[in-house]
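One structure below.
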Amino acid sequence: VSATDDVELMGRYCDGDTSAFRMLYQEISGPLYSYLLRLCGERATAEDLLQQTFIKLHRARHVYVRGARPLPWLYAIAHRVFIDEMRRRKNLGIVRAPGDLPEVAADITGTATDRADAPVYDPELVRAVLSAVDKLPDGQREALILTKLNGLSIAEAADVVGTTPGAMKLRAHRAYSTLRKLFAEHGVAA
Amino acid sequence: LSEPRPGSQLDRALGSIGTNGEIPPVPGPELTAIVAESGRVRTRRPAHELAALTALSLLYAAGLLMALGLRENTPLMPLWWMVAYTVAWLAGFVGSLYLALVPRRGAVLPRWRWAGIAATVACLVFTTGGLLFAAESPSALASLPGNLFRNGRGCLGFGLLTALVPAVLAALLLRRAFPVGSRWVAAAIGAGSGSLGGMMLHFHCPASDPLHLGLVHGGVVVAGALLCALALPHFLRS
């Protein structure tokens, strides 16, 4: 979805057009869900956090500024929802389950189904990358997810997390270096 | 042939993962229900809000000043000093609130880092500025160190009373606006509102000695920033 579409849909949603909300949800829930899933590592929790993110968006839609891109704001709301959930779990003494690593949907040739033009990739390598990403420290993992997987700029990612662009750049760089080291140690066969 | 660098393979692997392949759930019943019963909402117009907030706050401060009375020694004070301080207080008030209320063009998220910097700068400038740039006037009241607390309490109270209205209005305008950076924005709201309090004191309080200006009048800015940073973030957070 283009930024212009986002902006237009968000404007119509604020005007009370519920079909615009459904279209907006359809267009942007994918990247947000993927972000939350990679942060928390559990499908059920990510689904719940996604719903909470949109409920918070709905309650805060009066602060939307017409003409502005809603996606970075939504990422920031999702980030806050995730942080609040983690704090709640910490207070309740719930330990994060290692469990549901995201999977890459692939067709019979190994190509991601919705990216037929993308190069063929070894699913094992992709799984290894995701597993390594999951083992990174929280801040570094989030920086890598936002910048490398979700495609946000350093400045946008810094705004989402509530840090400076310099700190975000450092976290993303450290995360990337750690991953590279891991892969260099184990040898990459792809 | 040399092996490709692991880094480049990693890049490609990360690129191939992207955000694809995950199928998000459909909107849940709670979300569907609240969206279905919602209507049109009035969205933010930051520049208009800033203008309205500034006008209302200045009117309120002027009213309060009328009730409390102008400083008796106004004609005896150096004109440059009166003007320079007025401009500085006004800049602190409008500048801090501008950064707290008006996001960058095309963004919903606030400039919370700049707002935080503005709050810090305002606190430093008005305390050290008061200590360094006091005016000499034969009729200006001197606050002896022993009287500082006694004389200061009233000024601090009136300053914070002036700051109350812009702080409350700004908080209402920005309710649920900030998923991140809300404490810094709250501090900027407090510092800006405190600057208006300082400006009101500038026209009301006859004291012009460095300790009183720096620690009490400048202290209104610091107290405003600290109080708002403590009280408002939960209210401002999405």
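Read-outs: derived from the displayed coordinates by stated rules, not from any lab. Quick caveat: nothing in here was measured; it's all calculated off a predicted structure. Here Cβ is always computed from backbone atoms with ideal geometry, including for glycine, and neighbour counts include all displayed protein chains.
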Using only the alpha carbons, work out the radius of gyration and Dmax of region B:43-116 in angstrom.
16.0, 49
According to a simple spin-label model (label point 7 Å from Cα along Cα-to-Cβ), what is the distance in nm between residue A:27 and residue A:62?
2.6
Relative contact order for chain B: what is it in percent, counting Cα pairs under 8 Å that are at least 6 residues apart?
27
Per the rule of 0.36 nm per residue minus the C-alpha distance, extending residue B:42 to residue B:107 adds in nm 21.7 nm
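Can you give the FRET efficiency to the nearest 0.05 for residue A:173 and residue B:81, using r as the Cβ-Cβ distance and R₀ = 41 Å?
Numbers: r = 51 Å, r/R0 = 1.24.
The formula returns an efficiency of 0.20 here.
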Leaving out same-chain residues fewer than 8 places away, which lysines sit with a Cα under 27 Å from that of residue A:135?
A:90, A:148, A:169, A:181
Where does the charge balance sit around residue A:69 when Lys and Arg score +1, Asp and Glu -1, over other residues with C-beta under 14 Å from its C-beta?
-3
Count the net charge of all other residues whose Cβ sits under 15 Å from the Cβ of residue A:166, scoring Lys and Arg as +1 and Asp and Glu as -1.
+2
Hey, got the average number of other protein chain Cβ atoms within 10 angstrom for residues in B:37-43?
6
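How large is Rg over Rh for chain B, taking Rg from the Cα atoms and Rh as the Kirkwood inverse mean of 1/r across Cα pairs? Write down the numbers at each step before the final one.
Numbers: Rg = 24.1 Å, Rh = 20.2 Å.
Reported Rg/Rh (Cα atoms, Kirkwood Rh): 1.20.
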Hey, with R₀ at 22 Å, roughly what FRET efficiency would residue A:44 and residue B:30 work out to, going by the Cβ-Cβ distance, to 0.05?
0.90
Quick check: pseudo-label points 7 Å beyond the Cα along Cα→Cβ at residue A:18 and residue A:181, how many nm apart are they?
5.3
For peptide B:178-189, compute the average count of partner chain beta-carbon atoms within 10 Å of each residue's beta-carbon.
4
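Where does each of A:58, B:234, B:212 land when they are ranked from fewest to most other beta-carbon atoms within 10 angstrom? Let's see the in-between values first.
Values: A:58 15, B:234 10, B:212 28.
In increasing order of surrounding Cβ atoms, one gets B:234, A:58, B:212.
How much FRET efficiency would the formula 1/(1 + (r/R0)^6) give for residue B:168 and residue B:128, where r is the Cβ-Cβ distance and R0 is 41 Å, rounded to 0.05?
On the way: r = 28 Å, r/R0 = 0.69.
Calculated transfer efficiency: 0.90.
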Which value at 222 nm does chain B reach when only helices count, each DSSP H run of 4 or more adding -39,500 (n - 2.57), with the total divided by all residues and rounded to the nearest 500 deg cm²/dmol?
-21500 deg cm²/dmol
Gyration tensor (alpha-carbon) shape descriptor, region B:53-92, a/c threshold 1.5:
oblate
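So what is the relative contact order of region B:172-238, in percent, for Cα pairs below 8 Å that sit 6 or more residues apart? Before the final figure, lay out the partial values.
Details: 77 pairs, mean separation 41.1, N = 67.
Here the relative contact order equals 61 percent.
When only Cα pairs under 8 Å and 6 or more residues apart are kept, what is the percent relative contact order across region B:32-132? Let's see the in-between values first.
Values: 33 pairs, mean separation 25.0, N = 101.
Over region B:32-132, the number comes to 25 percent.
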